[in-house]
1. For region B:118-213, with only Lys/Arg (+1) and Asp/Glu (-1) charged at the beta-carbon, what is the dipole magnitude about the Cα centre, in debye rounded to 20?
2. Treating the point 7 Å from Cα along Cα-beta-carbon as the label, what are the nm separations from A:ARG146 to the other copies, to one decimal?
3. Run the simple label-point estimate for C:GLN217 and A:ALA143 please: 7 Å along Cα→C-beta, distance reported in nm.
4. With every protein chain left in place and a probe of 1.4 Å, what is the accessible surface of C:ILE23, to the nearest 10 Å²?
5. Counting protein heavy atoms only and a 1.4 angstrom probe, how many square angstrom of accessible surface do chains A and B bury in total, to the nearest 100?
6. Taking only the Cα atoms of region D:30-90, how large is their convex hull per residue, in Å³?
7. Would you work out the charge dipole size for the protein assembly as shown about its Cα centre, treating the Cβ of every Lys and Arg as +1 and the Cβ of every Asp and Glu as -1, and quote it to the nearest 20 debye?
8. Choose one of C:SER306, C:VAL333, C:VAL258: the residue whose Cα lies farthest towards the positive end of the charge dipole of region C:182-336 (beta-carbon charges +1 Lys, Arg; -1 Asp, Glu; about the Cα centre).
There are 4 protein chains.
Amino acid sequence: MKISVIRVPAASPNDTASLQQQIKEGTIVPSQVIAVLGKTEGNGCVNDFTRGYAVQSLRSYFAGLIGGEAADRISFIMSGGTEGVLSPHFTVISRSEEAADSGSDGRRALTAGVAHTRPFLPEELGRSAQIKEVSEAVRRAMAEARIEAASDVHFVQIKCPLLTDADMADARMRGADVAVDDTYKSMGYSRGASALGAAVALGELREEEVSDEDVCQSWDKFSDVASTSAGSELDYCEVIVFGNSVHASGDLYMNHGVMNDAIDAKPLLAMLADNPGAEVVQVLAKAEADPTGIIRGRRHTMLNDSDINHTRHARAAVGAVLASIVGDPMIYVSGGAEHQGPAGGGPVAVIFRRAGA
Amino acid sequence: MKISVIRVPAASPNDTASLQQQIKEGTIVPSQVIAVLGKTEGNGCVNDFTRGYAVQSLRSYFAGLIGGEAADRISFIMSGGTEGVLSPHFTVISRSEEAADSGSDGRRALTAGVAHTRPFLPEELGRSAQIKEVSEAVRRAMAEARIEAASDVHFVQIKCPLLTDADMADARMRGADVAVDDTYKSMGYSRGASALGAAVALGELREEEVSDEDVCQSWDKFSDVASTSAGSELDYCEVIVFGNSVHASGDLYMNHGVMNDAIDAKPLLAMLADNPGAEVVQVLAKAEADPTGIIRGRRHTMLNDSDINHTRHARAAVGAVLASIVGDPMIYVSGGAEHQGPAGGGPVAVIFRRAGA
Amino acid sequence: MKISVIRVPAASPNDTASLQQQIKEGTIVPSQVIAVLGKTEGNGCVNDFTRGYAVQSLRSYFAGLIGGEAADRISFIMSGGTEGVLSPHFTVISRSEEAADSGSDGRRALTAGVAHTRPFLPEELGRSAQIKEVSEAVRRAMAEARIEAASDVHFVQIKCPLLTDADMADARMRGADVAVDDTYKSMGYSRGASALGAAVALGELREEEVSDEDVCQSWDKFSDVASTSAGSELDYCEVIVFGNSVHASGDLYMNHGVMNDAIDAKPLLAMLADNPGAEVVQVLAKAEADPTGIIRGRRHTMLNDSDINHTRHARAAVGAVLASIVGDPMIYVSGGAEHQGPAGGGPVAVIFRRAGA
Amino acid sequence: MKISVIRVPAASPNDTASLQQQIKEGTIVPSQVIAVLGKTEGNGCVNDFTRGYAVQSLRSYFAGLIGGEAADRISFIMSGGTEGVLSPHFTVISRSEEAADSGSDGRRALTAGVAHTRPFLPEELGRSAQIKEVSEAVRRAMAEARIEAASDVHFVQIKCPLLTDADMADARMRGADVAVDDTYKSMGYSRGASALGAAVALGELREEEVSDEDVCQSWDKFSDVASTSAGSELDYCEVIVFGNSVHASGDLYMNHGVMNDAIDAKPLLAMLADNPGAEVVQVLAKAEADPTGIIRGRRHTMLNDSDINHTRHARAAVGAVLASIVGDPMIYVSGGAEHQGPAGGGPVAVIFRRAGA
């Protein structure tokens, strides 16, 4: 098994021209694509339709190449918001079965696996039902990726639903109550429960340690590698697990660190220092405004800004810090890091190409 | 002559509590204050009233201490916009006449001088009249600061007017035409002409090299040390020149560099490397969205975002990059860098306290 | 007792030029001013500093005329947000003691009274403590206005606090829990509790009918005449009661109606039809986005817009509907109508000048 | 020839469920559809991708029913922005050839015709080339609609391109200069030139009366019936002409008026009074912020708001005024009325169903 990771720029959410070029040149083989992770240029909040537009465009493009059923098996995960220097793009993940193992040296290479949960009822969102289902999906994705140890998992990307007005009305009609009755806030609860699910799957938290009450409350409970993103375009969770495996071959591999706050450059600098000569293929990170309103002892204004949502501010800040370090703004930085790394911080992962490869 | 620089946090545009505390403790002497440079938490664009609110609050506070006339001699320069991690604060610049020279070692210390232009007619804004008047004011401020060589100037902060609807109507009534008939755009023209004025004063450009047509057009003409900020609260330009002088004493001194784009960390990293052990007292920088729509070969979306002005994006990005390097978000990063450093980039200056001081 | 109501335009939050003109002309006598009700051009949400800026400017202006202590007795109530056609202005309410009663015909004329509550602890906000204190303040203001029957009250304007991050931290430190742990949402709770307090004072609801649980939940409990506005510039509630009284004289009087939704023109049209020939001196109204997401059977998008807060949309809509009817955009339309009229609707009141006066 | 007009709500830009329902019920026959006029819930400005998303969704849906070639002949015109009470929806225009004339009474019924121009070069946009091409397309659409007199034209909807950064770079490379070098502003120039083209076609202006210099300058030159909308999803202009014709049959017919400003209710009220008993099938109107910054003698703040674009304010205001009058927020109100009605005002048209029909 071998994973390839190719980034293509997007001139708009429906732009597939660069993708087409790569396919024409043979660097991307449509039938091998398992996931597309995108940054689109919407607001990343409730009414961000650039995510759905990109998914519709990509799915339709792939369906024309490999048929609708095969296209439906590709995981399209779009994160809205390219504030500041961030540049809209798609990261195309492919998996081929060539070169079945890594040979005699036993070294681990990048692997990836996908899975999804069942659809959720509105009242299950942001609660233990979601935590449990996500933890099981993460384990299935790990198995598919042939990752044996949780320590070999370096990024778990999860796309999860949110509560629309219609969902809340539906729950009310059935006499069920929802975790939070505000669409924008429901994004945080869904992201948070998904992240806690990943933490449980990876042994960062024990299942009995997390309950409904912890979601968006117990900020000391989190995963170091979860990255979750909410959107209205699905009612279940889609999971992609990235990591290293001896069963994978190729020149790519992955590492991760944890940013303690939005301007914590150390984890990424350390990874670069620890991997001299290696090429940075992609950086994946989460961003959030510190919920205390304070960063490095200074007041920030992200949470009190009624003109720009705090997730937008946070993406602009973290995106610029990381882009500055790697010298490339076409990286994946997603907002809203509830239970993804410590409060105010978040995971940062790097896909490297082995030096000299 | 000795310059002191003290930063005080602001909990809101009208918050003088931390300033009061410093005055009470004697670290700031009201009668010695020559300028207050602030970052306030508005949008930094046309309808940002946090700047005027802060000026009104500060002036009224100082007037209570030293009288209205003395308070009117203090230069209050507010830059709106604390996007991302940036933290609202005031930088209080004081000047005392103690310790008249730097002694026998001839070393240069931080100095500062202020000056202002006459009021401008609407039709003069963003044109050569403004360039000329500003260049003369910069020279007067340099003289006041006792800076002898242009190379000793490290930051020229200029607060300049903009064209309101009323200004444009007034010009029309008198049959005069204005440089640009859009309030938001006029901010760029005024900032640009002010920066070109500084460039002329400092010999970066010759006076005959710049004309009306260059403003917001000839991006290759710029100053490495100008930082200009437009607002509706004045109709003339206020200038503060910062630099080093052998006639100044004290432990503070200044350096500057030029960022080539919004994520160019090198100038600040180089200054820190060149000044080992020195304490960073304040960072002053300009930010802008690259006008080509491209940064490091990647498309950015700042210029096409109709929900958030590009200056807001740029401040969030540059602010985070610099705050990450110095580990402090309470720095001065101002948006809109027309003719202030190269297109897409901008000046960055550091006030240091001598190591071991 | 005689009440005068004069509107003056504001070119910016700190503009007192038109007010000065009226004072110079004698139409406004500074010592008789009891309240200034303003519309300022901020976002009307958490980080709207135009309200505080206007209050500081007005208080300082009046202090220069009548002294600081007298200026402090004037009630300055600013509502942020002049979206759409709405025009920034101040409505100056004065009270003189001349012409003590309405003479032999017993007709009622406009009256107004002011009162304020004690400061609130963070944990009291949006709860029954606030409801109770406000209801008592409304009764005191009615007494001051010499209004005898609740049916003679036509508008109760209340300015109330919100919960800042600091307030919430303070409550946490004391082990107290707050009604809602989100600054923006706390504005709604504070407005809602204030409105319920007015309803209790006016007998629209019985005191035992309302409890903590009703605030921002039981939308069928509301006042027909309350108009409440939250801001960070105070920690208590300020109340102005407007109505008619036989003890008041003059040509002004008041009426009110209740809009059932944001486009319900009927109440205002009916008041105009019922008062032929009377001059409209001012319109006062509340606006909100229907919390069901539906208006007249159609989906609206105000609640799901992450770029513009729903209160801003609602003010733009209601302001335009009412301005269109009276042919004047310089009216008072304030956002966030929790428990002020039915859900999605709100009170609308008119100050008339008697026909032929 | 008979025109049918059916409105269907849209739960999101890609929602075709209500459309499907109408098709299933037979009220809409896919092969007869000539145009879909939509309101989508984006910002209506540069980065509004809801328009393209809706067009892609609708075209794909119709292609599945009638084939790609037939679907490509349908004119999809989307206007972004449903601020305030406005409700996202599609107005589906169909044309059937049944009942070829209006019978013996010679009465005129609603008709519609579509046409499009050739693609434009960037340097042609907002200039006389666009004016000329549009005027010819309007004449072709009139002919197709069998409208004989310009006075029988009641609404001319035109979708036109804008200048993207790429367009401007392309022009620069070829040494051509564009009318305006700002994407957002180019929308106004393109809308303006299109409207002037309609005015020429309808004899409201003579061809020799309009030149490059008039576009977005000579506000006294305008069309009473043009409604133009700019978007990045096309490089030519699409035109739909609506009017009445003796060659059309059916119960629908049209009227129009001109609003003098954003709160001018008179034209719509007059049309309703003149057509007693007739059902309002759809209202179509244009909205803009008065470019003088003044409405009915009062200052408005739409043009100076750097947080919300003025077109968004204007749609919220005009949408609410008209929705209030007809009691329905699911109407077509589009922003940016350059040369469409007088400055600050705009056309308003009504499609009626004959009383008793």
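The values are calculated or read from the model by the stated rules, or taken from the named source; none is laboratory data. These numbers were taken from a predicted model, which means no experiment stands behind them. In this analysis, Cβ positions are derived from the backbone assuming ideal geometry, glycine residues included, and neighbour counts consider all displayed protein chains. SASA here: full protein model, heavy atoms, side chains in, ligands and nucleic acids out. Shrake-Rupley method; radii C 1.70, N 1.55, O 1.52, S 1.80 Å.
1. Values: 12 positive and 19 negative charges, 63 e Å.
Roughly 300 debye, rounded to the nearest 20.
2. Copy-to-copy label distances at A:ARG146, shortest first: 7.1, 7.6, 9.3 nm.
3. About 4.4 nm, to one decimal.
4. Counting only protein heavy atoms, the figure is 30 Å².
5. Numbers: alone 14240 and 14230 Å², together 25710 Å².
Roughly 2800 Å².
6. Residue-normalised Cα hull volume stands at 69 Å³.
7. It works out to roughly 0 debye.
8. Of C:SER306, C:VAL333, C:VAL258, it is C:SER306.
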